Amino acid sequence: MGNSIINANDFKKMIRAGHQILDAQSDYVNELNVFPVPDGDTGTNMNLTFTSGLDAVKDLSYDSVSDAAKDLSKGLLMGARGNSGVILSQLFRGFSQAIKNKEVINGKDLAAAFTNSAKLAYDAIMKPQEGTILTVAREAAEAGELAAKTTDDASFVMNAVYEAGQVSLENTPELLPVLKEVGVVDSGGQGLLYIYQGFSSILNGEEIDLANIDGQKVDTIDVKELAHQQDQMSSTAMSTQDIEFGFCTEIMIRIGDGEAVETFDYDIFRDYLAEFGDSLLVVADEEVAKVHIHTEQPGEIMNYGQRFGTLMKIKVDNMREQHRELKEKQNQSAESAFKKKKDYAVIAVASGSGMKDLFKNFGVDYVIEGGQTMNPSTNDFLQAVEKVNAEKVILLPNNSNIFMAAQQAADNAPTEALVVPTKNISQGLTSMLAFNPAASLEENQELMSEEMTYVLNGEVTYAVRDTKIKDMNIKKNDYMGLIDGDVILSEKNLAKAAEKTVEEMISEDSELVTIIFGDSVTENDAETLADIIQKKHKDIEVEVYNGQQPVYSYTFSVE
């Protein structure tokens, strides 16, 4: 016997069940993500987003479905990751709005909620594309409305929504040619259907059998074949150079907070940002606005966002670099299973294609994309450990905020692994000078940890707001010089800030200065800085590298 109405407790069970199935199937959803410009893994992003929603409600008691739905919506918004996560948050924002002030909901209320969820998701996107999660949400909602005309039984309506969603999902390849070419359904639509499946199971009183969810488990051979198909499609559909807007940029703004100088208007805000790229998504409520956009000017997006409040979160991914890595990974996937395990591997964290190349030149086997604004998870490290296929693994977090995730990965890795506690890029590179492939893990950890203490790390970046640190009054967009994480100076001029920072780092014992310039600095400017240093300190060797790192204009090391 199904549920004719849904109360708050029922709704919490539905959320848990939807999360349970999505969590179990997130890897499969990832495998469906065939687009040649990777924007994160769809399954992972949807799962992390929905986990944030579940966390917002699981430990609370509710008297009404509307209150639970409101907290779910807020949790999804705060935890939304990637395109798919932002759309998912918008779907349930629309759901929540439609059942406002309702203690319980019946089938008709449920149908109206799904209809409004699809509407808001479409409205959030500048150029909605059919054959995606949007189509699945809309066509499933339309079936719910038809069912609600004959009954107000909630389980009956939910079943109609879920079954129509399955039909819609199967039809997505007919609407989106790239799906048909590879032979898969839309990944975001599949993730949404797993959530709907959990909802339906609870309302029908069914047990969830995770081992047999629609027969959708993929074995190893299927995954490799899919990777091969993806590589074939990617090579013909788009090259790295074809990517027009290369930086996937996400910001979250606490509206009206801090030094906001403009009143937030959704339409004006979205229309302005639309001029800076594509794949724009703007989701907002009374307190928070979240932006996702592909652009060539991530700094402009951040600066504009600050006009309306405080930036709570910032995330910038270089999609051209991701695309190159995806093609490389796909080219290697067929043969990776047959590789014999090597004795040693070193895994490091760094951001910027040049920076990653630099680490590989120093002997690092695998570089995880990440750093100050995007900290890799424990799972990111574990996946890297699996990829390097080595008996012994050393992890270089290169950031104090990443150390605990690296340590947890080392503790849970399927092979021997230890962490060298590098706190910055300079320590990570310098530690590699002491790496000895003939030594034990413990010996290498000790030698590399000692070696990294002989280097001083410096950085130059810009201030995102006015602030005061110690006796320094720092203005927004000033350039700050940091030494081992401490702000030591602030200048209006980048060149002056860089020169002064290096000078503060140099002592009478210094022998080598390494300059790694970021994506906002020209090679000519970096060479000019090197010449200035060399003229002042004739006995010191100066080296210059193009790190292409975001956020930090310069990274320095002095040994």
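Is it the case that region 300-320 has a residue that's free of Cβ contacts under 8 Å to residues at least 40 places away in the same chain and among the aromatic types (Phe, Trp, Tyr)?
yes
Test of understanding: among 530, 526, which residue is surrounded by 13 or more Cβ atoms within 10 Å (Cβ to Cβ), within 23 Å of residue 428 (Cα to Cα) and free of Cβ contacts under 8 Å to residues at least 24 places away in the same chain?
530
Here is a yes/no grid of residues against (1) touching a residue at least 40 places away in the same chain (Cβ under 8 Å); (2) within 28 Å of residue 353 (Cβ to Cβ); (3) not assigned by TED's automatic domain parsing to the domain that holds residue 431:
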position: 481; (1), (2), (3): no, yes, yes
position: 493; (1), (2), (3): no, yes, yes
position: 516; (1), (2), (3): yes, yes, yes
position: 537; (1), (2), (3): no, no, yes
position: 543; (1), (2), (3): no, yes, yes
position: 552; (1), (2), (3): yes, yes, yes
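With a cut-off of at least 2 residues that are of a type in the set (A, V, I, L, M, F, W, C) and over 21 Å from residue 451 (Cβ atoms), name the helices (runs of 4 or more DSSP H) lying wholly within region 342-428.
Per the criteria, 378-388, 403-412.
Which of the following residues is at positive phi and either at pLDDT 85 or above or not assigned by TED's automatic domain parsing to the domain that holds residue 547 (or both): 305, 309, 299?
309
Might you check whether a residue that is acidic (Asp, Glu) and touching a Cys at 6+ places or on another chain (Cβ under 9 Å) occurs anywhere in region 100-114?
Looking through region 100-114, none of the residues is acidic (Asp, Glu) and touching a Cys at 6+ places or on another chain (Cβ under 9 Å).
If you scan region 150-181, which residues turn out to be hydroxyl-bearing (Ser, Thr, Tyr), crowded, with 22+ Cβ neighbours inside 10 Å and within 16 Å of residue 6 (Cβ to Cβ)?
155, 162
Tell me, yes or no, whether region 354-370 has at least one residue that is within 23 Å of residue 515 (Cα to Cα) and modelled with pLDDT under 85.
yes
Among the residues of region 168-204, count how many are part of a helix (DSSP H, G or I) and either farther than 19 Å from residue 156 by Cβ or aliphatic (A, V, I, L, M) (or both).
24
Under 6 Å by Cβ, and 6 or more places apart or on different chains, what pairs join a residue from region 260-271 that is within 13 Å of residue 283 (Cβ to Cβ) with one that is not in a helix (DSSP H, G or I)?
Partner pairs satisfying both residue conditions: 264/255; 264/308; 266/284; 270/282.
Would you mind finding the one in 124, 111, 147 that is crowded, with 24+ Cβ neighbours inside 10 Å, among the small types (Gly, Ala, Ser), in contact with a helix residue (DSSP H, G or I) (Cβ under 7 Å, 6 or more places away or on another chain) and at pLDDT below 95?
124 is the lone residue from the list that is crowded, with 24+ Cβ neighbours inside 10 Å, among the small types (Gly, Ala, Ser), in contact with a helix residue (DSSP H, G or I) (Cβ under 7 Å, 6 or more places away or on another chain) and at pLDDT below 95.
Which residues, taken from region 149-163, are closer than 20 Å to residue 205 by Cα and of a type outside the set (Phe, Trp, Tyr)?
151, 152, 153, 154, 155, 157, 158, 159, 160, 161, 163
Name the single residue, out of those in region 450-471 being modelled with pLDDT of 90 or more, touching a helix residue (DSSP H, G or I) at 6+ places or on another chain (Cβ under 7 Å) and of a type in the set (Val, Ile, Thr), that is surrounded by the fewest Cβ atoms within 10 Å (Cβ to Cβ).
Filtering region 450-471 for residues that are modelled with pLDDT of 90 or more, touching a helix residue (DSSP H, G or I) at 6+ places or on another chain (Cβ under 7 Å) and of a type in the set (Val, Ile, Thr), the one surrounded by the fewest Cβ atoms within 10 Å (Cβ to Cβ) comes out as 455.
Do we find a residue being part of a loop (DSSP other than H, G, I, E, B), more than 33 Å from the chain's Cα centre (by Cα) and under 22 Å from residue 362 (Cβ atoms) anywhere in region 503-513?
yes
Would you be able to tell me the number of residues in region 386-405 that are free of Cβ contacts under 8 Å to residues at least 40 places away in the same chain and crowded, with 20+ Cβ neighbours inside 10 Å?
1
Scan region 438-486 for residues that are part of a strand (DSSP E or B) and aliphatic (A, V, I, L, M) and report the count.
The number of residues fulfilling the criteria is 8.
Within region 514-559, track down each residue that is part of a loop (DSSP other than H, G, I, E, B) and farther than 20 Å from residue 319 by Cα.
Those that are part of a loop (DSSP other than H, G, I, E, B) and farther than 20 Å from residue 319 by Cα: 522, 537, 538, 539, 540, 559.
Look through region 352-368, keep the residues that are farther than 21 Å from residue 342 by Cα and among the aliphatic types (A, V, I, L, M), and return whichever of them is surrounded by the fewest Cβ atoms within 10 Å (Cβ to Cβ).
Per the criteria, the residue is 358.
The values are calculated or read from the model by the stated rules, or taken from the named source; none is laboratory data. What you see is a predicted model, and the numbers here were worked out from it, not measured in a lab. Cβ atoms come from the backbone with ideal geometry, glycine included; neighbour counts cover every protein chain shown.
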